[in-house]
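Novice: A single structure is presented below for examination.
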């Protein structure tokens, strides 16, 4: 039993999200907590604003590229406390999963047809979807899910990250976003 307690004590949960600023720029944030939800590390990016040419050339792939590959990847690489699992409520962030070695879980919104084909896992009081190309993550997540309280609200840390990003952006609103 000591081994499973040690493993649970080493569990690190990452909560990743992004917001769009008034200037139509995006900034991302990553909070890593222990299994009880206590913060271990928080990082955020500077705002990234796509230019008109990028909007035209990337089309509908622009936001997933910015949120997943630019912001998400930067945050995961930059953070010193590496998460065991990553959670997000932004579907566009799933573009990050092929670039990282840990499962990325999308908070499931009930009734979404686009999500019905994705594998589902339940953690705490919420259901999460996995990246469609990483269905094998389901077993790894299921093994880890037992270390998290059945009553855990996994949405709450994502809300904390969103609020921290808004607070940060309000305090630096005079600065200009960098171009993607």
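The numbers here are math on the coordinates, done by the rules we state, and not lab data. The structure displayed is predicted, hence computed values, not measured ones. Backbone-built Cβ (ideal geometry, glycine too); neighbour counts: all protein chains shown.
Novice: Round to the nearest 10 and give me the degree value, 0 to 90, for the angle of helix 155-171's Cα axis relative to the longest principal axis of the chain.
Specialist: The angle comes out near 30 degrees.
Novice: Of 73, 52, how do they rank once you tally other Cβ atoms within 10 Å and put the fewest first? Write out the running numbers ahead of the final one.
Specialist: On the way: 73 16, 52 7.
Exposure proxy ranking, most exposed first: 52, 73.
Novice: Hey, another quick one. Quote to one decimal, in nm, the extra length available between residue 171 and residue 34 on full extension: 0.36 nm per residue of separation minus the C-alpha distance between them.
Specialist: Details: separation 137, 0.36 × 137 = 49.32 nm, distance 2.76 nm.
Gain on extension, residue 171 to residue 34, equals 46.6 nm.
Novice: When 30, 71, 107 are ordered from fewest to most other Cβ atoms inside 10 Å of their Cβ, what list results?
Specialist: Details: 30 26, 71 29, 107 18.
Ranked by crowding around the Cβ, least crowded first: 107, 30, 71.
Novice: Okay, moving on. So which residue, out of 164, 150, 95, gets the largest mean-square fluctuation from a GNM of the chain using Cα contacts under 10 Å as springs?
Specialist: Between 164, 150, 95, it is 150 that shows the largest mean-square fluctuation.
Novice: Sticking with this one: I need to check one value: relative contact order of segment 120-160, counting alpha carbon pairs closer than 8 Å and at least 6 residues apart, in percent. Could you put the intermediate results ahead of the total?
Specialist: Details: 37 pairs, mean separation 20.2, N = 41.
The normalised contact order for segment 120-160 reaches 49 percent.
Novice: Now for a different question. Given the -39500 (n - 2.57) contribution per DSSP H run of 4+ residues, what per-residue ellipticity at 222 nm results for the chain, rounded to the nearest 500 deg cm²/dmol?
Specialist: Helices in the chain give a 222 nm mean residue ellipticity of -7500 deg cm²/dmol.
Novice: Could you give me the radius of gyration and the Dmax of segment 22-61, taking only the C-alpha atoms into account and expressing both in angstrom?
Specialist: Using the Cα atoms of segment 22-61, the pair Rg, Dmax is 15.4, 44 Å.
Novice: Specify the residue with the greatest mean-square fluctuation among 138, 43, 54, computed from a Gaussian network of the chain linking alpha-carbon atoms under 10 Å apart.
Specialist: 54
Novice: May I ask you to sort 93, 169 by Cβ crowding, counting other Cβ atoms within 10 Å and putting the fewest first?
Specialist: Details: 93 25, 169 21.
Fewest to most other Cβ atoms nearby, the residues stand as 169, 93.
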